[in-house]
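Encoded as structure tokens, here's the structure I'll be asking about.
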């Protein structure tokens, strides 16, 4: 096996063009190889020392998060926690402290798992990924990126370099909650992200909801914004919960039956919306919501 | 007796483990060492039609390939149903078909790939009730011809059976005011020690040294001697630091496979398991269980009679599980005053991984069922469940279900203290409740030995046959020796976990290390105390009877300032009669129930020696929308006699409770229709994590228990693992309106129960 330790983006892209696969924290790649899911590639390029990938930059109208930013930073970065709170919720739930120290947002997004925690909040926040290869750069919406479990539309020579998220409007808030059976080393049984804009009186103006572990990819709840516009939070939560259960196409596996997932995705969607709307109205709900509000009894 | 002046307890093995300087089996490397790999059956029930290892033996880098044809044709086990390699019939997926020793992992894998292994599949027996159907084939066709203890009764797929009968249960139930029946089903689970097992074997001439991560080195040695036909003094088992066991590393497993590979290859050989192998292969798993209990109640709330029936999933081989039916039957009757009982328990062969001792085998599941049933009884007559237990549970002088009359015990104190420490009866949020359950566990007296020597500088070494599995029991031995000799615990080093050095001990099993080896250590220390007093008496011109050993000195009672140091005495002894002690102490007797009118069949015991009692009160929160339960607080009280080492004993309670929470809520082994495990890994087998650990309060009802462990003590290692799941069940039932009848009580099962009528 060849391992190239890159220190610049150009080195990484050249290595990818020659057939190497990128490795940052290795929390999916190495664990997957040890489980026998897929062997480690013959050629790896380590991207964790590329400084450009570890920046969080706020620019005009958006934030640019380097693909190499670890979950630990996402859950505690002031800007992320204040304005992109759903992403911080998700980062705080991933794995264990050691997983969060080395696992990265780029790795989570590009792994393409339907159970990834950062996916649903990123989708509701309208995030794009910036993919780069030698001589080419493009931005892809997340809904176009994820094509199936563990599959993305990125080419093998493309590296996710940034996650770009537009700045949320005023009176908006976001949240991510998941159903979990324990408080660490857990994978979402189901999960939901929501971001909403509220009126001064708390009425929902618009919003987006996305669902984890109920379809082959992270999926957005269709028609959510129209359905909740003009409703009170209590009404909206009920409507969104029912829609989520209706639109979910979960499987049965060791973590839960399709029947149970179909029910609980509704509960999670309603709770995510509730937390997001309350944050939009100025309420401080600590990160992650799962601990602050007792999702899954985990107060 | 004061064991240590301060509560400080520095484990002798602590710094090694914390700093990483300690060596575990997998850390050992010997010159020329080969890697071992096993070919597992990978199918649950089949007849081998072809097994040819010729090509595998010719793979480059391969030194040995063995099958059952290459080892003595010997069956072993508590029922002699086991062979080292498959005997031609595959009875569970983790059965070892062949073993390879090769220069590296890649060559070993290439050899496994080159083995021709063909079989015809047989119908799988995946369920204990199906296994008992008259037309179900036998898992062991010829098992009537196997050797077994005389008291093992053989019927169809029943691997072992016990019954307990006392009084006339039919009449009692017929005459009862209320009769209530319950059925509960528990899934299998696993011990999951953090260290997957390792074995290293090296021959020198006709002697073999085996380093193994076993809890029971002498049992491992005896297993090797039996199947490889060797005398005990040619097999030496050494256990480096053990990375936990929880019962999972009890028994004899792979030491002989690796010794046989090392002999055939004329090289040292090392086996290190992956986590998946640790789940699939060993003869150790907490058994799945079906528990049915019927109780009759009198109008005053006392229990008129109880009938219990338990089916245990024995798995494909009997391992050490032959005594499990007795344990299960006792737990399905419980520590209650009932004059009319009948219990039957059968351990039933299936095509699952064999069951074996996992911390308090059978108890957490059977206690969960019985104590959930107990809350159903209290509810049916409108009685407070704690008051119901206070009325019906045994206490000092009471007669238990087998007719045993209890000496001084602290069960009622446990109930009182655990409940008092809890929020039981307080105003709680409507999604919170406190559940209470009681449990018990027997003490296992047995033979055990230790030596002590004190060298010329007054420093001592305890050479013990006992095994440390992480509980700190062996680590507590220096405190016992020091107390006898007026020395400090730090004055002693330990030599342990080596069968050719230490005297026999049954191992880190049955919570018995301090009980039996503590007694042996005290006896060995007392022999040295006699010698020291004699030497001091000569030096101080006094009678040995007047000499006191304290503070590192020997002095005449009442004159502590005019003594002689133990180091000085040791220096004198080193030139003459050396300071050597040995102890093995006669084990305490197991009581028979006096004037017994009970019949405890087969593998049972009428009386339990030194029974330990416990009460756990657990406060939970239930998320009714999802069924997720969170444990908020656990209040425990234990009668384990006088506590020798408060820190160590508390650690056992905390660990037992955490394991109990896992068994209650998340830990289960799931079998597919092919009888294979579907979650043999830490991703889908959900252990509790430190982030899930609730606050745990601990009370010890320190009832002095004569003629048992040192200083009036009883064991503690398994007892805390008995009642937690039961208490959680009772808390859930309060919030749901009815019990969840499946263990673990997963979020989905709780939610499904909430959807049922009556919830």
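Within the group B:430, B:395, which residue is in a loop (DSSP other than H, G, I, E, B), assigned by TED's automatic domain parsing to the domain that holds residue B:660 and under 26 Å from the mean Cα position of the chain (by Cα)? Let's see the steps before the verdict.
Working: B:430 fails: under 26 Å from the mean Cα position of the chain (by Cα).
Sole residue among the options that is in a loop (DSSP other than H, G, I, E, B), assigned by TED's automatic domain parsing to the domain that holds residue B:660 and under 26 Å from the mean Cα position of the chain (by Cα): B:395.
Does the range B:712-722 contain at least one residue that is away from every other protein chain (no Cβ under 14 Å), out of contact with any helix residue (DSSP H, G or I) (no Cβ under 9 Å at 6 or more places or on another chain) and touching a residue at least 60 places away in the same chain (Cβ under 8 Å)? Write out each step before concluding.
Restricting attention to the range B:712-722, the residues satisfying the condition of being away from every other protein chain (no Cβ under 14 Å) are B:712-722.
Narrowing the set further to residues that are out of contact with any helix residue (DSSP H, G or I) (no Cβ under 9 Å at 6 or more places or on another chain) leaves B:712.
Keeping just the survivors that are touching a residue at least 60 places away in the same chain (Cβ under 8 Å) gives B:712.
Yes: the range B:712-722 contains one or more residues that are away from every other protein chain (no Cβ under 14 Å), out of contact with any helix residue (DSSP H, G or I) (no Cβ under 9 Å at 6 or more places or on another chain) and touching a residue at least 60 places away in the same chain (Cβ under 8 Å).
Report, by residue number, each residue of the range A:102-128 that is over 11 Å from the mean Cα position of the chain (by Cα) and free of Cβ contacts under 8 Å to residues at least 40 places away in the same chain.
A:128
Look at residue B:210 and say whether it is over 17 Å from the mean Cα position of the chain (by Cα), over 30 Å from residue B:20 (Cβ atoms) and buried (at least 24 other Cβ atoms within 10 Å of the Cβ).
Against the criterion (over 17 Å from the mean Cα position of the chain (by Cα), over 30 Å from residue B:20 (Cβ atoms) and buried (at least 24 other Cβ atoms within 10 Å of the Cβ)), residue B:210 does not qualify.
Kindly indicate whether residue A:185 is more than 20 Å from residue A:236 (Cα to Cα) and within 14 Å of chain B (Cβ to nearest Cβ). Don't jump to the end; show me each part of the working.
Values: more than 20 Å from residue A:236 (Cα to Cα): yes; within 14 Å of chain B (Cβ to nearest Cβ): yes.
Here the answer is yes, as residue A:185 does meet what is asked.
Quick check, is residue A:48 out of contact with any strand residue (DSSP E or B) (no Cβ under 7 Å at 6 or more places or on another chain) and either at pLDDT 95 or above or within 18 Å of residue A:3 (Cα to Cα) (or both)? It would help to see each step written out before you state the result.
Values: out of contact with any strand residue (DSSP E or B) (no Cβ under 7 Å at 6 or more places or on another chain): yes; either at pLDDT 95 or above or within 18 Å of residue A:3 (Cα to Cα) (or both): yes.
Yes: the conditions hold for residue A:48.
I've got another one for you. Identify all residues within the range B:671-681 that are buried (at least 22 other Cβ atoms within 10 Å of the Cβ) and in contact with a helix residue (DSSP H, G or I) (Cβ under 8 Å, 6 or more places away or on another chain); write none if there are none.
Of everything in the range B:671-681, those that are buried (at least 22 other Cβ atoms within 10 Å of the Cβ) and in contact with a helix residue (DSSP H, G or I) (Cβ under 8 Å, 6 or more places away or on another chain) turn out to be B:677, B:680.
Suppose the filter is touching a strand residue (DSSP E or B) at 6+ places or on another chain (Cβ under 9 Å), in a loop (DSSP other than H, G, I, E, B), within 14 Å of chain A (Cβ to nearest Cβ) and buried (at least 20 other Cβ atoms within 10 Å of the Cβ); does residue B:684 pass it?
Details: touching a strand residue (DSSP E or B) at 6+ places or on another chain (Cβ under 9 Å): yes; in a loop (DSSP other than H, G, I, E, B): yes; within 14 Å of chain A (Cβ to nearest Cβ): yes; buried (at least 20 other Cβ atoms within 10 Å of the Cβ): no.
Criteria not met by residue B:684.
Go through B:328, B:366, B:345 for me and flag whichever is outside the structural domain of residue B:510 (by TED's automatic domain parsing), under 30 Å from residue B:46 (Cα atoms) and either touching a helix residue (DSSP H, G or I) at 6+ places or on another chain (Cβ under 7 Å) or surrounded by fewer than 24 Cβ atoms within 10 Å (Cβ to Cβ) (or both).
Result: B:345 is the single residue among B:328, B:366, B:345 that is outside the structural domain of residue B:510 (by TED's automatic domain parsing), under 30 Å from residue B:46 (Cα atoms) and either touching a helix residue (DSSP H, G or I) at 6+ places or on another chain (Cβ under 7 Å) or surrounded by fewer than 24 Cβ atoms within 10 Å (Cβ to Cβ) (or both).
Let me ask you something else. Counting just the residues of the range A:81-97 that are within 14 Å of another protein chain (Cβ to nearest Cβ) and surrounded by fewer than 24 Cβ atoms within 10 Å (Cβ to Cβ), which one comes out nearest to residue A:172 (Cα to Cα)?
Result: A:92.
Let me ask something else about it. Is it fair to say residue B:677 is within 14 Å of chain A (Cβ to nearest Cβ) and touching a strand residue (DSSP E or B) at 6+ places or on another chain (Cβ under 8 Å)?
yes
Restricting attention to the range A:205-237, which residues are part of a strand (DSSP E or B) and either within 14 Å of chain B (Cβ to nearest Cβ) or within 23 Å of the chain's Cα centre (by Cα) (or both)?
Correct list: A:206, A:207, A:208, A:209, A:210, A:211, A:212, A:219, A:220.
On the basis of being farther than 23 Å from residue B:469 by Cβ, more than 14 Å from every other protein chain (Cβ to nearest Cβ), crowded, with 24+ Cβ neighbours inside 10 Å and touching a residue at least 12 places away in the same chain (Cβ under 8 Å), does residue B:729 make the cut?
yes
Right, another one. Given (1) over 25 Å from residue B:44 (Cα atoms); (2) out of contact with any strand residue (DSSP E or B) (no Cβ under 7 Å at 6 or more places or on another chain); (3) buried (at least 24 other Cβ atoms within 10 Å of the Cβ), identify the lone condition not met by residue B:293.
(2)
Go through A:240, A:218 for me and flag whichever is in contact (Cβ under 8 Å) with a residue 60 or more places away in the chain, in contact with a helix residue (DSSP H, G or I) (Cβ under 7 Å, 6 or more places away or on another chain) and surrounded by 18 or more Cβ atoms within 10 Å (Cβ to Cβ).
A:218
Taking the criterion of being part of a helix (DSSP H, G or I), out of contact with any helix residue (DSSP H, G or I) (no Cβ under 6 Å at 6 or more places or on another chain) and surrounded by fewer than 13 Cβ atoms within 10 Å (Cβ to Cβ), would at least one residue in the range A:50-63 satisfy it? If you could, list the steps in order and put the result at the bottom.
Taking the range A:50-63 and keeping what is part of a helix (DSSP H, G or I), we get A:51-54.
Retained after the next criterion (residues that are out of contact with any helix residue (DSSP H, G or I) (no Cβ under 6 Å at 6 or more places or on another chain)): A:51, A:53-54.
Keeping just the survivors that are surrounded by fewer than 13 Cβ atoms within 10 Å (Cβ to Cβ) gives A:51.
So far as the range A:50-63 goes, yes, one or more of its residues are part of a helix (DSSP H, G or I), out of contact with any helix residue (DSSP H, G or I) (no Cβ under 6 Å at 6 or more places or on another chain) and surrounded by fewer than 13 Cβ atoms within 10 Å (Cβ to Cβ).
Applying the selection to the range A:135-155, what residues are within 16 Å of residue A:21 (Cβ to Cβ) and touching a strand residue (DSSP E or B) at 6+ places or on another chain (Cβ under 8 Å)?
Listed by number, the residues that qualify are A:152, A:154, A:155.
Still on this structure, I have one more. Take the conditions in contact with a helix residue (DSSP H, G or I) (Cβ under 9 Å, 6 or more places away or on another chain), surrounded by 20 or more Cβ atoms within 10 Å (Cβ to Cβ) and either in a loop (DSSP other than H, G, I, E, B) or facing another protein chain (nearest Cβ under 9 Å) (or both) and apply them to residue B:661. Does it pass?
Judged against the criteria, residue B:661 is not a match.
Additional query: Which one of these is in the same structural domain as residue B:735 (by TED's automatic domain parsing), touching a strand residue (DSSP E or B) at 6+ places or on another chain (Cβ under 9 Å) and buried (at least 22 other Cβ atoms within 10 Å of the Cβ): B:452, B:462, B:438?
On the way: B:452 fails: in the same structural domain as residue B:735 (by TED's automatic domain parsing); B:462 fails: in the same structural domain as residue B:735 (by TED's automatic domain parsing).
Selected residue: B:438, the only one of B:452, B:462, B:438 that is in the same structural domain as residue B:735 (by TED's automatic domain parsing), touching a strand residue (DSSP E or B) at 6+ places or on another chain (Cβ under 9 Å) and buried (at least 22 other Cβ atoms within 10 Å of the Cβ).
Tell me whether the range B:519-541 contains one or more residues that are part of a loop (DSSP other than H, G, I, E, B) and either in contact with a strand residue (DSSP E or B) (Cβ under 8 Å, 6 or more places away or on another chain) or assigned by TED's automatic domain parsing to the domain that holds residue B:462 (or both).
yes
So residue B:129 fits all but one of (1) in contact (Cβ under 8 Å) with a residue 12 or more places away in the chain; (2) loosely packed, with under 13 Cβ neighbours inside 10 Å; (3) under 24 Å from residue B:272 (Cα atoms); what number is the exception?
Unmet for residue B:129, out of (1) in contact (Cβ under 8 Å) with a residue 12 or more places away in the chain; (2) loosely packed, with under 13 Cβ neighbours inside 10 Å; (3) under 24 Å from residue B:272 (Cα atoms): (3).
Restricting attention to the range B:465-514, report how many residues are assigned to a strand (DSSP E or B), over 20 Å from residue B:550 (Cβ atoms) and in contact with a helix residue (DSSP H, G or I) (Cβ under 6 Å, 6 or more places away or on another chain). Even if it seems obvious, please write down each step before you answer.
Let us first name the residues in the range B:465-514 that are assigned to a strand (DSSP E or B), namely B:492-495, B:498, B:505.
Filter once more, keeping what is over 20 Å from residue B:550 (Cβ atoms): B:493-495, B:498, B:505.
After this cut, where a residue has to be in contact with a helix residue (DSSP H, G or I) (Cβ under 6 Å, 6 or more places away or on another chain) as well, the list is B:505.
Total satisfying the criteria: 1.
Now, a different point. Taking residue B:100 as the residue in question, decide whether it is within 29 Å of the chain's Cα centre (by Cα) and either modelled with pLDDT of 95 or more or not in a strand (DSSP E or B) (or both).
no
Take the residues of the range A:274-294 that are under 17 Å from the mean Cα position of the chain (by Cα) and within 14 Å of another protein chain (Cβ to nearest Cβ): which is farthest from residue A:238 (Cα to Cα)?
Within the range A:274-294, the match that is farthest from residue A:238 (Cα to Cα) is A:288.
Name the residues in the range B:591-631 that are in a loop (DSSP other than H, G, I, E, B), modelled with pLDDT of 80 or more and more than 14 Å from chain A (Cβ to nearest Cβ), would you? Show your work before the answer.
Here is the first cut: in the range B:591-631, the residues in a loop (DSSP other than H, G, I, E, B) are B:591-597, B:601-611, B:624-627.
With the extra rule that they be modelled with pLDDT of 80 or more, the set shrinks to B:607-611, B:624-627.
Within the range B:591-631, B:607, B:608, B:609, B:610, B:611 qualify.
The values are calculated or read from the model by the stated rules, or taken from the named source; none is laboratory data. The shown structure was predicted, so the numbers you read here are calculated from the model rather than taken from an experiment. Heads up, the Cβs are rebuilt from the backbone with ideal geometry, glycines too, and the neighbour counts pull from every protein chain shown.
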